[in-house]
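The values are calculated or read from the model by the stated rules, or taken from the named source; none is laboratory data. In this text the structure is predicted, and so the values were computed from the model without any measurement. Cβ placement follows ideal geometry from the backbone for every residue including glycine, while neighbour counts extend to all protein chains displayed. For accessibility, only protein heavy atoms count, side chains too; no ligands or nucleic acids. Shrake-Rupley method; radii C 1.70, N 1.55, O 1.52, S 1.80 Å.
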Amino acid sequence: DIVMTQSPDSLAVSLGERATINCKSSQSLLYSSNNKNYLAWYQQKPGQRPRLLTYWASTRESGVPDRFSGSGSGTDFTLTISSLQAEDVAVYYCQQYFTTPWAFGQGTKVEIK
Amino acid sequence: QVQLVQSGAEVKKPGSSVKVSCRASGGTFSSFTISWVRQAPGQGLEWMGMIVPAFGTTDYAQQFQGRVTTTADGSTSTVYMEMRSLRSDDTAVYYCAREHENGGFDIWGQGTMVTVSS
């Protein structure tokens, strides 16, 4: 089974500053036949259901602000919030869908410094 | 726009079973895959298994094999997740989620709190 590991577990960032979350998979999520990485990012605010932010590692879901960007390939991925807003306080999860069982990272909690 | 509407909160005794429903409102499941994901209090997301309602095909995480069954009723656009032999550590919010055509889960139900307590 693929294991997803995020870092850090939590981070505090000042409003308007950049937040960077890392996600590492135990095996490559890059499918050679289509050159796509089978990785998604989610945001979960307290008391709410998760929200899909990106898929294919870097494609933003409709309606997601462009301050959220995903990058990376193979086994190493990053979610960047370019200018943190108060409404971005949440837990963020990466998830692989390369092969079942689908797996999530343990989550990264983002707070305001 | 399709929404996923789940059944209400449940309180169960250890050793009993629970069945949670997830209905597609405003549309159908079509050929999409529906997964079940749970979240224990203060914990992360855990994928349990999935079903393709149009075909009835299923896949489960190993730790839920034999204890969880997902079924679908196309006539009501409803998917069900039944868990047996409940334990206290099954206390969690259970979500159904639709798999995006490009991967990832783009639509989530509101969640169903299942509490297992004697």
Quiz item: If you place +1 on the Cβ of every Lys and Arg, -1 on the Cβ of every Asp and Glu, and leave all else neutral, what size is the dipole of the protein assembly as shown about its Cα centre, to the nearest 20 Debye?
Solution: 320 debye
Quiz item: What percent do you get for the relative contact order of chain A when only Cα pairs under 8 Å and 6+ apart count?
Solution: 38 percent
Exercise. Using Cα centres only, tell me the gap between region B:88-106 and region B:22-67 in whole Å.
Key: 6 Å
Practice problem: May I ask for the Rg/Rh ratio of region A:50-96, computed from Cα atoms with Rh as the Kirkwood radius, given to two decimals? | Solution: 0.93
Self-check item: For the protein assembly as shown, projected area of the alpha-carbon convex hull averaged over all directions, nm²
Solution: 12.6 nm²
Exercise. Sort B:16, B:35 by accessible area with a 1.4 Å probe, largest first.
Key: B:16, B:35
Quiz item: Cβ under 14 Å from residue A:73's Cβ, residue A:73 left aside: what net charge do those residues give with Lys, Arg +1 and Asp, Glu -1?
Solution: +1
Quiz item: Farthest toward the dipole's positive end in the protein assembly as shown, which of A:54, B:113, B:31, given Cβ charges of +1 (Lys, Arg) and -1 (Asp, Glu) about the Cα centre?
Solution: B:113
Self-check item: Binned Cα-Cα distance frequencies in chain B - 5 Å width, integer %
Solution: 2, 12, 24, 26, 20, 10, 5, 1, 0
Self-check item: Rounded to the nearest 10 Å², the accessible area of residue B:80 at probe 1.4 Å
Solution: 70 Å²
Quiz item: In a GNM of chain B with a 10 Å cut-off on Cα contacts, which of B:38, B:98, B:87 has the highest mean-square fluctuation?
Solution: B:87
